[in-house]
1. How many residues does the range 201-217 hold that are more than 18 Å from residue 246 (Cα to Cα) and touching a residue at least 12 places away in the same chain (Cβ under 8 Å)?
2. When only residues in the range 222-245 that are modelled with pLDDT under 90 and not in a loop (DSSP other than H, G, I, E, B) count, which is nearest to residue 300 (Cα to Cα)?
3. Quick one: which of 51, 93 is exposed (fewer than 13 other Cβ atoms within 10 Å of the Cβ) and within 25 Å of residue 289 (Cα to Cα)?
4. Is it fair to say residue 86 is under 27 Å from residue 296 (Cβ atoms) and touching a residue at least 24 places away in the same chain (Cβ under 8 Å)?
5. Of all residues in the range 198-221, count the ones that are in contact with a strand residue (DSSP E or B) (Cβ under 6 Å, 6 or more places away or on another chain), farther than 21 Å from residue 334 by Cα and not in a strand (DSSP E or B).
6. Failed condition for residue 34, given (1) part of a strand (DSSP E or B); (2) at pLDDT 95 or above; (3) buried (at least 17 other Cβ atoms within 10 Å of the Cβ), with all others met?
7. Would you point out which residue out of 131, 164, 152 is modelled with pLDDT under 95, in contact with a strand residue (DSSP E or B) (Cβ under 8 Å, 6 or more places away or on another chain), surrounded by fewer than 24 Cβ atoms within 10 Å (Cβ to Cβ) and over 20 Å from residue 35 (Cβ atoms)?
8. Can you name the condition, by its number, that residue 71 falls short on among (1) closer than 30 Å to residue 311 by Cβ; (2) exposed (fewer than 15 other Cβ atoms within 10 Å of the Cβ)?
C-alpha cells in the first residue's frame, strides 16, 4: 500500500440512559466531569454511596491523561515526543500496553492506523498548537517521510521507548478507550456495585445488564442530521459491550480560507476531503474499539468493510449514497444486530 492515513478518534455516540425507573433494584448514581478535553459520565448502580468510588475512578482517568495527553506539557507522552531521536525513555506499563497495540494495528493495517503522526497533526492545527495558515509543501513532505510503523521501537521488558525517526506520538485515537478500560476493571472489582456504565466523549463500556436485568442502550447519531439517532445498540446483545465511533466531519480547520478535515493522508501529508460518514465498532474492550473505529474510518468504505469481515470486527458503517443515509453492517455485526 503506497499511502498511510490516520484519523484521530472522534466520538459520535449519543448515550441513552434509561435508568430512572422504579423497578431498578439498586440506586443509580451518576458522576460527571471533564477529562482529556471532553466530558465523562460514570453511572453506578449500588445500594451504598459510590462517591468515594467515583473519586478513585477519576484518579485513574487523571493518571491516564497525565501519561498520554499531548496537551499537557509535562505528560509522559510529551516527554517522549521532546526526546532526541535514538534516546531511550523510561515509560510505564500502561504506556507500553497502548503503544504495543497501536504498533501492532499499524502493521496489520499496513500503516493506515499510525500513532507516529503527531507532528503532521500539529502542523495542520489538529493538535495543541495554534495554526493559522496552510503549511509549506517542504514541511509536509519532510514530516510525511518520517511517519511509519517502524519510526518508534519499544523494549517492553524494561519499559523503554525510543524514537528512530523525527516523529511525535499521538494517542488521541486510543487513550480514551484505554482509560475507560482501566476504570471498568476497577469498578468490576468492587463487590458492592451491581452494574455500571462508563462514557468518555461518547465512547463507552458497560456491564451487560443493569441491576434490574434490563440492557443499557447507546444510540448512534446520524452524521447527516446530528439531532437524530439512526441506530440503537443494546448492551445485552453482546458478551462485552465496549463501543467507539469515529467520524471525519466534526473536526475541521479553516486555513487560508480552505476547510480541511482532520483525516490525514500521511503519504501526501495533506488532510482528506470531507464526507458525512461514521464507523462504530463494538469490541471486547474500549481501547480496541477506539483504535479500530479510527482505522476503519480512515479506509475507503469497501476496504473497511472487507477488512472488518476478514478480521471478524463488529462494525456499523454510516455513509451517504446518492443523498440518502445508508447503514452497512459487517458480517459479524449482522449476526447480532437488532
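1. 11
2. Checking each candidate, the answer is 222.
3. After ruling out the rest, the residue left standing is 93.
4. no
5. Residues flagged as in contact with a strand residue (DSSP E or B) (Cβ under 6 Å, 6 or more places away or on another chain), farther than 21 Å from residue 334 by Cα and not in a strand (DSSP E or B) within the range 198-221 amount to 5.
6. All conditions pass for residue 34, except number (3).
7. Answer to the check: 131.
8. Here residue 71 clears every test but (1).
The values are calculated or read from the model by the stated rules, or taken from the named source; none is laboratory data. Please read these numbers as outputs of a predicted model, since none were measured by experiment. FYI the Cβ positions are ideal-geometry reconstructions off the backbone, even for glycines, and counts take in every protein chain you see.
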